[in-house]
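The values are calculated or read from the model by the stated rules, or taken from the named source; none is laboratory data. These numbers come from a predicted model, not from an experiment. Cβ coordinates were reconstructed from backbone atoms using ideal geometry, including for glycine residues, and neighbour counts include every protein chain displayed. Note: areas computed on protein heavy atoms with side chains; ligands, DNA, RNA excluded. Shrake-Rupley method; radii C 1.70, N 1.55, O 1.52, S 1.80 Å.
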Amino acid sequence: MHRALAIAIAMFLSCFSGAQAADWPDHPVKMYTMTGPGAQIDLLTRAVAEAMKSNLGQPVLVSNLPGGSHGSVMASELAGSKPDGYTLGTSATGAFTYSPYTTKTKYNPEDFTYLTLLGLNQSGIIANPDKPWNNLKDAFDWAKKEGKRLTYMFQGSDDRDAMKRIAAKEGVPLSLMPSTGGPSIITAVMGGHADLGHVGAILFDYVQGGKLKCLAATTPERLTPLPDVPTLRDLGWDESVEMFVVLAAPKNLPPEVEKRLVEGVAALEADKELQTFITEKLRMAPVKYGPEAAREYIKNACERTQALMKSDK
């Protein structure tokens, strides 16, 4: 009798849960982002949230959760959220492909459902235009000659560690400063509180307006709006930082909810206004959309990070 009752209850709860998933969403969806307001990823997140609203029929409310190693604060909150589709997150992929291998995190890359890549945030190393450097190699050569320490403000553990490796090869001491995103780095560099900083495409208007100079592109290829700026590899270092942005959810989403989200992703890709905003306003490079491409990139990037960690030992 007790066993029959338990089975009946389980069947009822299963049907109730399925009905809830079928009705998803019946209230607003929360979307975390890894940066403070005004940063490129924040602007992207808000544009995506607005575009998703019409597709889902519910508001998508953005919540800023900056901090940690390349968005690990946001990723920790997302990993611990209920997997019901009502909590999503956008972040640089380093939060999932780099931080879990280099710092102590409360999550693993397997703790998420990767829905789609959203864009490639072109990025570079910036300095105050008053500095006597034309590129990053000049900065290190100057520091060696003058016996100076360089202060570097980083966005995440991957660009921080790349700069640490470069500084070690050049024999220059480095002071590291964490940030809450691009705007905080720009403020610090322009104000003379940091010699160098790593930022995304937010740098372009400042550089083209003469308020900052870009010393190196940190992407594998040169920056589209600044083709004369050398990459780190052009300057002699086998380093790059890939700032892809990914839309993710907690793992174990109900199949019906995941299906609706994947449909929403397809609508984002087809949204010409959103795609124009991403590529022209935010100046991010386009990417292949969909969960399959996102999962493949995350997997490959995790493998590259693990190989890098082994080579550093």
Within segment 224-281, considering residues that are of a type in the set (F, W, Y) and either at pLDDT below 95 or outside any helix (DSSP H, G or I) (or both), the one most open to solvent (accessible area, probe 1.4 Å): F244
Residue in segment 201-218 that is closer than 23 Å to S76 by Cα and part of a loop (DSSP other than H, G, I, E, B) present: no
Matching residues in segment 282-303 - criterion: being more than 12 Å from Y114 (Cβ to Cβ) and either among the small types (G, A, S) or touching a helix residue (DSSP H, G or I) at 6+ places or on another chain (Cβ under 8 Å) (or both): L282, R283, M284, A285, P286, V287
Members of segment 58-68 found to be in contact with an Asp or Glu (Cβ under 8 Å, 6 or more places away or on another chain) and within 23 Å of P183 (Cα to Cα), listed by number: V62, N64, L65
Total residues in segment 202-212, condition open to solvent by 40 Å² or more (accessible area, probe 1.4 Å) and more than 22 Å from I278 (Cα to Cα): 2
Number of the exception - A216 against (1) of a type in the set (G, A, S); (2) in contact (Cβ under 8 Å) with a residue 60 or more places away in the chain; (3) open to solvent by 20 Å² or more (accessible area, probe 1.4 Å): (3)
Test result for A285, open to solvent by 10 Å² or more (accessible area, probe 1.4 Å), more than 24 Å from A39 (Cα to Cα) and of a type in the set (A, V, I, L, M, F, W, C): no
Neighbours by Cβ (under 7 Å, 6+ apart or cross-chain): first from segment 69-90, closer than 19 Å to G181 by Cα; second in a loop (DSSP other than H, G, I, E, B) and hydroxyl-bearing (S, T, Y): S69/T103; H70/Y98; S72/T103; S72/T105; A75/Y107; S76/T105; S76/Y107
Residue selected from segment 136-187 under the condition open to solvent by less than 10 Å² (accessible area, probe 1.4 Å), small (G, A, S) and assigned to a helix (DSSP H, G or I), by the criterion modelled with the lowest pLDDT: S157
Flag for E292 being part of a helix (DSSP H, G or I) and at negative phi: yes
Wholly enclosed strands (runs of 3 or more DSSP E) of segment 18-123 bearing at least 3 residues open to solvent by less than 20 Å² (accessible area, probe 1.4 Å) and modelled with pLDDT of 95 or more: 29-33, 87-92, 112-120
Residues located in segment 104-117, provided they are more than 16 Å from the chain's Cα centre (by Cα) and touching a residue at least 40 places away in the same chain (Cβ under 8 Å): E110, D111
Tally, over segment 41-55, of residues that are over 13 Å from E269 (Cα atoms) and in contact with a strand residue (DSSP E or B) (Cβ under 8 Å, 6 or more places away or on another chain): 8
Test set (1) assigned to a helix (DSSP H, G or I); (2) open to solvent by 50 Å² or more (accessible area, probe 1.4 Å) - G192 fails condition number: (1)
Boolean, A217 is in contact with a strand residue (DSSP E or B) (Cβ under 8 Å, 6 or more places away or on another chain), among the small types (G, A, S) and over 14 Å from L136 (Cα atoms): no
